[in-house]
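Read through the structure below, which is laid out as structure tokens, and then see the notes.
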Amino acid sequence: MRKNKKLYKRLARRHIEELFSFAERIQKVSQELANRAIEIALRIAKHYNIRLEKEKKQRVCKKCGAFLTPGINAKIRLKAKTIIIKCLHCGAEKRWPYVKENIRKRSRSNN
Ligand SMILES: [Zn+2]
């Protein structure tokens, strides 16, 4: 049973990857379909208790659930040590610290 659970989780993760890349491709044609794909991906992640990577989280508006691509439907601004991603659908802003992360990553790869 336990092995099965692991397998399902792995499959779910792959499914999420596919949904995100699908959203990326379909967005130019239909934002609505991209949003739907993301909605499904998030539902799968929740169901299997999968944590999305930061790269993926940054692409989804928390407020309206839209799949965001900078230059298409999102604006990115850098302010001091914060990256601000603004959703152009609902105007919600997400903030992420980015300098700290880079330093941490760098020191980790030096080990
Ligand atoms: Zn939004």
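The numbers here are math on the coordinates, done by the rules we state, and not lab data. Predicted model, so just to flag it, every value in this text is computed and none were measured. Cβ: placed from backbone, ideal geometry, glycine included. Neighbour counts: every protein chain shown.
Descriptive notes on the structure:
- Between K3, K9, the distinction of being exposed (fewer than 12 other Cβ atoms within 10 Å of the Cβ), more than 16 Å from the ligand (Cβ to nearest atom) and not β-branched (V, I, T) belongs to K3 only.
- Residues located in the range 74-91, provided they are among the basic types (K, R) and assigned to a strand (DSSP E or B): K75, R77, K79, K86
- Selection count where residues are within 13 Å of the ligand (Cβ to nearest atom), surrounded by 14 or more Cβ atoms within 10 Å (Cβ to Cβ), of a type in the set (D, E, K, R) and within 22 Å of E17 (Cα to Cα), scope the range 52-93: 1
- Cβ separations smaller than 6 Å between residues 6+ apart or across chains give the following pairs from the range 43-72 residues that are of a type in the set (F, W, Y) to residues that are not in a loop (DSSP other than H, G, I, E, B): Y48/K9; Y48/A12; F67/A23; F67/A34; F67/N35; F67/I38.
- Single residue of the range 1-36 satisfying the filter (in contact (Cβ under 8 Å) with a residue 12 or more places away in the chain and of a type in the set (S, T, N, Q)) that is farthest from G65 (Cα to Cα): Q27
- Filter result (within 12 Å of the ligand (Cβ to nearest atom) and under 10 Å from the mean Cα position of the chain (by Cα)) within the range 27-51: I38
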